[in-house]
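Have a look at the structure below before the remarks.
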Amino acid sequence: MNRLLQDVCYALRQLRKSPGFTVVGILTLAVGIAANSIIFSVIEAVLLRRLPYKDPERLARFRDFEDPADAGFLLKDLRFLRSQSRVFQDIAFFYRDSGFSKVTLIAAGEPDSVQGAYVSSNFFPVMGIAPALGRGFTAEEELRRERVVVLSHGLWMERFGGSAAVLGHSLEIDGEKFQIIGVMPAAFQFPAPDQRFWAPMTTNRYWNDPALTNVSSSESPLHPTHARYFYARWQAVGRLLPGRGLGQAQTETSTLFARLAQTDPDINRGRGIRVEQLANRLRGETRRALLVLFCAVLFVLLIACGNLANLTLARGVLREQEIAVRAALGAGRSRLMLQFLTESILICLFAAATGLTLASQGLRLVVAAAPAEILRIGEAKLDLGVVVFTMGICIAVAIFFGLASGWKVLGQEPSRWLKTGPNIGSRFRLRTRSILVATEFALALVLLAGAGLLVRSFFALRAVDPGFIPEKVLTIKISPEMESPAATRTFYDVVLKRVRSLSGVEAAGQVDALFELGAQSELGLRAIEGRAPER
């Protein structure tokens, strides 16, 4: 311990004697460490951390085999799958669509348009997670269409201040009173990160409602026989039996759907069904984007290491005489090598402390700027795993540079260094520095090319002509709930008249779907009042 303390004190004196080298080396390495720590924190939260469910590896999600829009399935088909399956322990259903599940919610404050999910009574047991407060709803409540609701943790905190007295209170969803019976944990964000509540599937405003389509109740949008591409966006998640795999599940579901095609032909049914692990399905394209980004910041770290290596080699020239004197006075090679390692470790530790400080601030900016669709991005933090990852990088870098710094100096006899002095132009040193410079240039060129392509793509997208003049154009999306189509039309006319009368408004119009490319506009047609539909 006494020898180690001597090495540390001597290393600190050497670093203090070379403030330029010390500051530049620490800051150079700190930038690379900070970038890698930030991205690794995000990867750990989004890709590596287990889903907060019981046995998440046994959860599977279903999707249409050929439909990229993932329109969903007919409810009768999913019920048939649940009743006939021998691979799944249970299968739960849920209904969520950006158009029809977006509801107006009034809870302890102003109305808000939020995302809700209408789920089967076995939804929470299948997911393997229970409400953090209160309970879920039962099969009897679903059958009786009782208006009960389970809140997300975010909605509970925002509207009710996290009070446990929220149970039994009521909130208004699309003009209907719902009783609050539970609150989910903060980590539960399914089927999407913006989920605000879960209610029984039978309490959806379109359940068996013939008014929407002006047909019999059997043709209601959420009825099992209705066209799935327009309204029936039923999804399912299943829990596999212990010992069963995705391959078995895929084989069984494909066989059952093939049987359905023969016994119950339906033009609204898809051509097949695909079974995917829930974790992979949720992460989707996020995995690829994060891995690409991690490779980019890893290049930044390698460039920083190359810069530090060049600085170390240049500094080593000035220390050859000193090392030779110490060796001539009796210092062994292992003792001198330990001194080099001590200095490298100190530089890396200072760089790690600086890098983690930068990362803590940068991570907040990354989380705030990241799209809300990225699953669990808000949980990214500099936890123990990130610190261990950072320290692992530092130790590896310290060992490499510590050995590299002393290898050439300690490879010669002390008497030779005392006679000839430092060999600044040695072939070994020149070759090593040339390799480092070439490597740095190659890595920087890759990053520069990628950044250039991103900037070019950005300006290319900005230059696309949308077919109209977007400057000074404002859009407002409203979803009124009226008693009849005539009342809805009157409402829109009044709103449009008032908007046109506002000071500074030059013109105003209304459209049913603003620049949406979905199943209802596959033909590219747009009807204008008084004219025939045009593409």
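The values are calculated or read from the model by the stated rules, or taken from the named source; none is laboratory data. All values derive from a computational prediction rather than experimental measurement. Note: ideal-geometry Cβ built from the backbone for every residue, glycine included; neighbour counts use all protein chains shown. Just so you know, the surface numbers come from the protein's heavy atoms only, side chains and all, with ligands and any DNA or RNA stripped out. Shrake-Rupley method; radii C 1.70, N 1.55, O 1.52, S 1.80 Å.
Look at THR286 and say whether it is modelled with pLDDT of 75 or more, among the polar types (S, T, N, Q), open to solvent by 40 Å² or more (accessible area, probe 1.4 Å) and over 25 Å from CYS394 (Cα atoms).
Against the criterion (modelled with pLDDT of 75 or more, among the polar types (S, T, N, Q), open to solvent by 40 Å² or more (accessible area, probe 1.4 Å) and over 25 Å from CYS394 (Cα atoms)), THR286 does not qualify.
Among GLN115, GLN179, which is the only one that is modelled with pLDDT of 90 or more, assigned to a strand (DSSP E or B) and surrounded by fewer than 21 Cβ atoms within 10 Å (Cβ to Cβ)?
After ruling out the rest, the residue left standing is GLN179.
Take the residues of segment 27-58 that are farther than 18 Å from GLN361 by Cα and in a helix (DSSP H, G or I): which is nearest to the chain's Cα centre (by Cα)?
Looking at residues that are farther than 18 Å from GLN361 by Cα and in a helix (DSSP H, G or I), I get VAL46.
Table: residues versus (1) open to solvent by 60 Å² or more (accessible area, probe 1.4 Å); (2) in contact with a Cys (Cβ under 9 Å, 6 or more places away or on another chain); (3) modelled with pLDDT of 85 or more; (4) not in a loop (DSSP other than H, G, I, E, B).
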position	(1), (2), (3), (4)
THR439	yes, no, no, yes
VAL455	yes, no, yes, yes
VAL464	yes, no, no, no
PRO470	yes, no, no, no
SER479	yes, no, no, no
TYR492	yes, no, yes, yes
GLN520	yes, no, no, yes
GLY524	no, no, no, no
ILE528	yes, no, no, no
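Looking at (1) at pLDDT 80 or above; (2) in a helix (DSSP H, G or I), which is the only condition ALA11 fails?
In the conditions (1) at pLDDT 80 or above; (2) in a helix (DSSP H, G or I), ALA11 misses (1) alone.
Test each condition in (1) in a helix (DSSP H, G or I); (2) farther than 29 Å from LEU363 by Cβ for PHE62 and report the one that comes out false.
Only one criterion is unmet by PHE62, namely (1).
Check segment 118-140 and report whether any residue there is closer than 15 Å to THR202 by Cα and in a strand (DSSP E or B).
yes
Exactly one of (1) modelled with pLDDT under 75; (2) over 31 Å from the mean Cα position of the chain (by Cα); (3) surrounded by fewer than 20 Cβ atoms within 10 Å (Cβ to Cβ) is unmet by ILE323. Its number?
Only one criterion in (1) modelled with pLDDT under 75; (2) over 31 Å from the mean Cα position of the chain (by Cα); (3) surrounded by fewer than 20 Cβ atoms within 10 Å (Cβ to Cβ) is unmet by ILE323, namely (3).
Could you tell me which residue of segment 1-48 is farthest from ALA192 (Cα to Cα), considering only residues that are touching a helix residue (DSSP H, G or I) at 6+ places or on another chain (Cβ under 9 Å) and open to solvent by 50 Å² or more (accessible area, probe 1.4 Å)?
ARG3
Being out of contact with any helix residue (DSSP H, G or I) (no Cβ under 8 Å at 6 or more places or on another chain), at pLDDT 85 or above and open to solvent by 80 Å² or more (accessible area, probe 1.4 Å) is the filter here, so list the residues in segment 494-518 that pass it.
To start, the set of residues in segment 494-518 that are out of contact with any helix residue (DSSP H, G or I) (no Cβ under 8 Å at 6 or more places or on another chain) comprises 494-504, 506, 511-512, 514-518.
Going one step further and asking which of them are at pLDDT 85 or above, we end up with 494-504, 506.
Correct list: LYS497, ARG498, ARG500, SER501, LEU502, SER503, GLY504, GLU506.
Is there any pair with a first residue in segment 159-172 that is over 18 Å from ARG135 (Cβ atoms) and a second that is assigned to a loop (DSSP other than H, G, I, E, B) and open to solvent by 60 Å² or more (accessible area, probe 1.4 Å) whose Cβ atoms are under 7 Å apart and which are 6 or more apart or on different chains, and what are they?
Sorted first by the residue in segment 159-172, then by its partner, the pairs are ARG159/ALA108.
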